[in-house]
Ligand SMILES: [Fe+2]
């Protein structure tokens, strides 16, 4: 296990936790912004599921093993689960903060991948980070409402 493997495993775990959180928010969001957020969260969990798959397959491509169980996911995840029922505003704030935290780790992985001469991992982490910076901005704009 090298640093790239460790970083990819932690990201697989984080996005798995995020996936369930966004599904939970999709199901349980309430209030005047229900239709907008219900649909937005659906887009987000679909995109997050694809990332879990890409990260797991990247791990296999570099000769490491993706996580197999939710137990292992929770051991490796840095993001926290949410069993509460937050307000719509708090849901958006939580996702905003999770994406910001993920971006710090994605940018660190870009640096590691560059050092390790691993352009595929670099491109993956950079692509996720770039798209998420835009998402962070949009979620932040929503929070100002
Ligand atoms: Fe649904």
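We did not get these values from a lab; they are worked out from the coordinates using the rules stated. As the structure is a computational prediction, the values presented were derived from the model and not from experiment.
Please report how far the C-alpha centroid of the range 87-142 lies from that of the range 5-80, rounded to the nearest whole angstrom. Their Cα centres are 13 Å away from one another.
A Gaussian network model of the chain, with springs between Cα atoms under 10 Å, assigns the largest mean-square fluctuation among 60, 100, 18 to 60.
Where a ≥ b ≥ c are the square roots of the eigenvalues of the C-alpha gyration tensor, would you call the range 59-145 rounded, which needs a/c under 1.5, or, failing that, prolate if a/b is larger than b/c, or oblate? Oblate, since a/c reaches 1.5 and b/c is not below a/b. When you restrict to C-alpha pairs under 8 Å that are six or more residues apart and normalise by the size of the chain, the relative contact order lands at 29 percent. The Kirkwood radius of the chain, taken over pairs of alpha-carbon atoms, gives through the Stokes-Einstein law at 20 °C and 1.002 mPa s a diffusion coefficient of 137 µm² s⁻¹.
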